[in-house]
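Contents: one structure, followed by commentary.
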Amino acid sequence: MAEALKEFMLENGTVNYLHEHEIYSYLVKFADDDGTCTTKEILEENGENTDPLKMNKEELFNYIKGEYIYKNKLSGFLNGFGATQVEQY
């Protein structure tokens with residue numbers, strides 16, 4: 001997951017500099033009820049694959065959005081990554 005996120009941020013993120021360090025940011029927009037935000041529990045309930053190593057790119061990013069961004073676990077699991085909510089609908 002870290003490699004996929006790193007690659008994604010390098011390709012799609014906006015670089016900013018803080019004390020001469022590169023900081024990449026990317027605004028992720030998603031809803032938690034449209035199927036693009038998947039948690040391990042949802043996958044298990046539906047009998048679907050829960051192994052991120054066996055997920056295609058779309059499934060992996062839906063899983064990252066649900067399990068790590070929505071549940072606010074990203075920074076605790078992957079050092080160097082974090083998420084900050086900027087809007088609520």
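Structure notes:
- Taking the Cα centre of the range 30-89 as origin and assigning +1 to Lys and Arg Cβ atoms and -1 to Asp and Glu Cβ atoms, the resulting dipole is close to 360 debye.
- For the chain: accessible area per residue (Å², 1.4 Å): 78
- Distance histogram in 10 Å bins (all Cα pairs of the chain, percent per bin): 15, 48, 29, 7, 1
- Spatially close lysines, pair count over the chain: Cα under 14 Å, gap of eight or more or interchain: 8
- Accessible carbon and sulfur surface of the chain relative to its total accessible area, %, 1.4 Å: 48
- When the helices of the chain are scored as -39500 (n - 2.57) per DSSP H run of n ≥ 4 and the total is divided over every residue, the value at 222 nm lands at -8000 deg cm²/dmol.
The values are calculated or read from the model by the stated rules, or taken from the named source; none is laboratory data. For clarity, every value in this text was computed on a predicted model and none was experimentally measured. Quick reminder, even Gly has a Cβ in these numbers, built from the backbone with ideal geometry, and neighbours come from all protein chains shown. Areas reflect the complete protein model, heavy atoms only, side chains present, ligands, DNA and RNA absent. Shrake-Rupley method; radii C 1.70, N 1.55, O 1.52, S 1.80 Å.
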